[in-house]
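Step one of this worksheet: look at the structure below.
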Amino acid sequence: MGPLGLFRGLMLRLALKMLYGDVAKFLMLVGGLTFCALLMTQQSGVFCGLMRWTTATIRNVDVPIWVCDAKVEQVNEVVPLRDIEVARVRSVEGVEWAVPLYWGIIQARLRDGSFQQVQITGLDASTLVGHPPRMTAGNVEDLRLPNAVIVDQIAVKKFKSKGYDLKVGDTFEMNDKEARVVGLCIAEPSFMGQPYVYTTYERALEYAPPQRKQLSFVLVKPKPDVPAAEVVSRIRKIPGIAAYTSDEFSKRTMAWYFIYTGIPKSFGFVVLLGAVVGIVISGQTFYLFVHENIRNLAALKAMGASNTLVSEMVLLQAFTAGITGYGLGVGAATLLGMNFLERGEPPFFLPWQVLAFTGSVIVFICLLAACIGLLKVFRAEPAVVFR
Amino acid sequence: MSNDGRAAVRTRGVIKTFGRGDNAVQALKGVDFDAHCGEMIMIVGPSGCGKTTFLSVVCGTMRADEGSIEVFDTDLLKLSTGKLTAFRGANVGFVFQQFNLIPTWSILENASVPLLLNGTSRRKAEEEAARLLTEVGLGKRLNAYPSQLSGGQQQRVAIARSLVHQPRLLICDEPTASLDAANGRKVMELLKASACRADRCVIVVTHDSRIFSFADRIAEMEDGVVKTIHASGDYKAHFI
Ligand SMILES: Nc1ncnc2c1ncn2[C@@H]1O[C@H](COP(=O)(O)OP(=O)(O)OP(=O)(O)O)[C@@H](O)[C@H]1O
Ligand SMILES: [Mg+2]
């Protein structure tokens, strides 16, 4: 660092002292930015969590390729196929295996007659492809026992709220047929909110209301040396059928919720509100801060501080407040989010893009505030110090 | 006497107009003025006659419209804004009526700023600032903040700050106007003792007739021009 860099460093240290020295304004400035970062991160986190919930089934089932009716737009929607499609897909070149999956929402009836909606998931009995990701009690293989079902943690919770402490061995009814719990599992909660109840494909058809066509999805794994995309495009040649890699299906599902529901709008509104509040509170406070310091900055200019140095000082002040507020806000949002995750709702998911987005809004606010302040500083003739 | 010292400031025909059209105020109407190294020269005159404006153009915090302003043989009107800023930083010390100390900095930090702006290391700058603060009688309060000091003490900090980088030109606008008589006198004694050097020119704008006796010469301004320059003795006689 040459002498120039050195003197910059020294003056910048004093710039920070200028900022911290006015404790009330500094707190208000940081408070505004913290609130803004918190609101935006928290709301975006819940939004991303919701969007993630919409694709929970895809991750719970966890197969490379999904095949469905061409009219299906997202995973939480079923347009049934004929059972024969499984065999057709299986015969496509490059397919290692193809198995049926039943998915639907039906009523479960508890012993006292009260109802609980569940997401029934029927797995191919021989392979159990799509089985629950994590068991907490019992064995997945026990699904092959008569009337066997495996239920997730949400089922346990919902049944508990109705007075049943659901354990392995307990029973309830679906479509007047008995279901016996042979295992408990943990599944990623879904947007639909209902618990997952796993059973075999055939038994799922018994539990579900009868329909002409019953098959919800065909799950596919490509042969080891064949790219999924290639198999997908071959399957798509079957008339009336669509196929997606799990990644494509996730994106398609999220896009559908994004376009056809009011979710992005309502969250977007709160995020926007956060940004506006941040701009108004912090922008204004910083402007006031610079305004009150104009005389001091002009005195520095009179004593030989260049506009560049003064700008650096003001920018440093703005960004110090910005980074502090960002850190506190994101930190608070993360703590809140961890609490949400522990409780299971509302959903919360913080991809780096949210942090980057919030960060850029904060940077924008700081730049805006600093620039408005700097306009004043540049315009201030150093001669004002004589007045 | 110091009057025959080297020319420090030499202005000819300096004109400065504020505003335009009907609102235009011609504050300086062709000021011819000379000041020399080694002297303390005061500028006096009725309120609004252009003293502060003249001081501002002489020290380069404001640009004149016309005329020539030579400070230590540099024509200020020919300097770019950046060069002018650097010129002020290197050559000019300021003492303002409003002190203009930065409230959130200790007086040691305040007093070392001109050196820091000139690229001196923090240690050296603070050493020199401490030396000057001691010289103005504040050696025991280096870490105090301006608000903890009296007006007179604050002005003494400002004097220490104005001298810390050994400027060749010291500009003081009403340095005693915010102070009572005793403090005003103390500040002037201090300026006379610490600031006046053979290689430095001190220009003081003032209304305060009690301090005229500190001047070597007194320039009387009236309505935007320097009317007469008196030897200090003459001018006092004029008042008493
Ligand atoms: N920035 C400005 N804009 C417009 N007019 C100005 C400005 N500065 C000074 N003036 C005008 O220029 C004239 C000279 O002002 P100046 O401040 O130089 O007087 P002064 O002799 O210092 O007065 P005082 O003794 O009251 O300080 C006045 O009429 C004043 O109104
Ligand atoms: Mg004045």
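When the range A:223-240 is filtered for residues that are under 30 Å from A:LEU50 (Cα atoms) and in contact with a strand residue (DSSP E or B) (Cβ under 6 Å, 6 or more places away or on another chain), the ones remaining, listed by number, are A:ALA228, A:VAL232, A:ARG236.
Taking the range A:92-113 only, how many residues are part of a strand (DSSP E or B) and more than 17 Å from A:VAL129 (Cβ to Cβ)? Selection size over the range A:92-113: 6. Within the range B:6-14, is even one residue surrounded by fewer than 17 Cβ atoms within 10 Å (Cβ to Cβ), touching a residue at least 40 places away in the same chain (Cβ under 8 Å), under 25 Å from B:ARG156 (Cα atoms) and more than 12 Å from ligand 1 (Cβ to nearest atom)? Checked the range B:6-14: no residue is surrounded by fewer than 17 Cβ atoms within 10 Å (Cβ to Cβ), touching a residue at least 40 places away in the same chain (Cβ under 8 Å), under 25 Å from B:ARG156 (Cα atoms) and more than 12 Å from ligand 1 (Cβ to nearest atom). The single residue among A:VAL79, A:VAL61 that is free of Cβ contacts under 8 Å to residues at least 24 places away in the same chain and of a type in the set (Val, Ile, Thr) turns out to be A:VAL79. Scanning the range A:246-301 for residues that are within 14 Å of another protein chain (Cβ to nearest Cβ) and small (Gly, Ala, Ser) returns A:ALA298, A:ALA299.
For B:VAL58, the conditions (1) among the aliphatic types (A, V, I, L, M); (2) away from chain A (no Cβ under 14 Å); (3) under 28 Å from B:GLY151 (Cβ atoms); (4) part of a helix (DSSP H, G or I) all hold with the exception of (2).
From the residues in the range B:36-55 that are within 19 Å of B:ALA90 (Cα to Cα) and not in a helix (DSSP H, G or I), which one is nearest to the other protein chains (Cβ to nearest Cβ)? In this case the residue turns out to be B:CYS37. Could you pull out the residue among A:VAL63, A:VAL86, A:VAL75 that is assigned to a loop (DSSP other than H, G, I, E, B), surrounded by fewer than 23 Cβ atoms within 10 Å (Cβ to Cβ) and aliphatic (A, V, I, L, M)? None of the others qualify; the one that does is A:VAL63.
Within the range A:230-248, none of the residues are under 30 Å from A:THR171 (Cα atoms) and assigned to a strand (DSSP E or B).
Given the conditions (1) free of Cβ contacts under 8 Å to residues at least 60 places away in the same chain; (2) touching a strand residue (DSSP E or B) at 6+ places or on another chain (Cβ under 8 Å), which single one is not true for B:GLY48? It fails just one condition, (2). Would you be able to tell me the number of residues in the range B:65-113 that are in a loop (DSSP other than H, G, I, E, B) and of a type outside the set (Gly, Ala, Ser)? Residues flagged as in a loop (DSSP other than H, G, I, E, B) and of a type outside the set (Gly, Ala, Ser) within the range B:65-113 amount to 14. Quick check, is B:ALA125 modelled with pLDDT under 95 and farther than 20 Å from A:GLY304 by Cα? Considered against the rule, which asks whether it is modelled with pLDDT under 95 and farther than 20 Å from A:GLY304 by Cα, B:ALA125 comes out as no. Going by the structure shown, is A:GLY304 away from ligand 2 (no atom under 16 Å from the Cβ) and more than 27 Å from A:VAL276 (Cβ to Cβ)? Judged against the criteria, A:GLY304 is a match.
Among the residues that make up the range B:82-91, is at least one of them more than 25 Å from B:LEU191 (Cα to Cα), more than 7 Å from chain A (Cβ to nearest Cβ) and away from ligand 2 (no atom under 13 Å from the Cβ)? Yes, some residue in the range B:82-91 is more than 25 Å from B:LEU191 (Cα to Cα), more than 7 Å from chain A (Cβ to nearest Cβ) and away from ligand 2 (no atom under 13 Å from the Cβ). Taking the criterion of being under 30 Å from the mean Cα position of the chain (by Cα), within 18 Å of A:ILE105 (Cβ to Cβ) and in a strand (DSSP E or B), the residues of the range A:140-184 that qualify are A:VAL149, A:ILE150, A:VAL151, A:ASP152.
The residues of the range B:168-184 that are more than 16 Å from ligand 1 (Cβ to nearest atom) and in contact with a Phe, Trp or Tyr (Cβ under 9 Å, 6 or more places away or on another chain), listed by number, are B:ARG168, B:LEU169, B:LEU170. The test for being under 17 Å from B:LEU169 (Cα atoms) and either more than 9 Å from chain A (Cβ to nearest Cβ) or within 16 Å of ligand 1 (Cβ to nearest atom) (or both) holds for B:THR74. One residue is enough: does the range A:67-77 have a residue meeting the conditions within 14 Å of chain B (Cβ to nearest Cβ) and in contact with a helix residue (DSSP H, G or I) (Cβ under 9 Å, 6 or more places away or on another chain)? Checked against the condition, which is being within 14 Å of chain B (Cβ to nearest Cβ) and in contact with a helix residue (DSSP H, G or I) (Cβ under 9 Å, 6 or more places away or on another chain), the range A:67-77 yields no hits at all. Scanning for something within 11 Å of chain B (Cβ to nearest Cβ), touching a helix residue (DSSP H, G or I) at 6+ places or on another chain (Cβ under 8 Å) and modelled with pLDDT under 90, does the range A:358-380 turn up at least one residue? Checking the range A:358-380: at least one residue is within 11 Å of chain B (Cβ to nearest Cβ), touching a helix residue (DSSP H, G or I) at 6+ places or on another chain (Cβ under 8 Å) and modelled with pLDDT under 90.
The single condition from (1) farther than 30 Å from B:GLY152 by Cβ; (2) facing another protein chain (nearest Cβ under 8 Å); (3) of a type in the set (S, T, N, Q) that B:GLN98 fails is (1). No other residue among B:GLY21, B:GLY48 is within 24 Å of B:ASP223 (Cβ to Cβ), among the small types (Gly, Ala, Ser) and within 16 Å of ligand 2 (Cβ to nearest atom) apart from B:GLY48. For the range B:52-81, filtered to residues that are buried (at least 23 other Cβ atoms within 10 Å of the Cβ) and within 11 Å of ligand 2 (Cβ to nearest atom), the residue that is nearest to B:ILE218 (Cα to Cα) is B:PHE54. Scanning the range A:103-116 finds one or more residues that are touching a helix residue (DSSP H, G or I) at 6+ places or on another chain (Cβ under 8 Å), touching a residue at least 12 places away in the same chain (Cβ under 8 Å) and polar (S, T, N, Q). Checked against (1) closer than 30 Å to B:ARG131 by Cβ; (2) modelled with pLDDT under 90, B:GLY89 passes all but condition (2).
Scanning the range B:30-54 for residues that are touching a helix residue (DSSP H, G or I) at 6+ places or on another chain (Cβ under 7 Å), more than 8 Å from ligand 1 (Cβ to nearest atom) and of a type outside the set (Val, Ile, Thr) gives B:HIS36, B:GLY38, B:GLU39, B:MET40, B:MET42.
The values are calculated or read from the model by the stated rules, or taken from the named source; none is laboratory data. From a predicted model like this one, the values you see are computed outputs, not experimental measurements. Neighbour counts run over all protein chains shown; Cβ positions are idealised from the backbone, glycine included.
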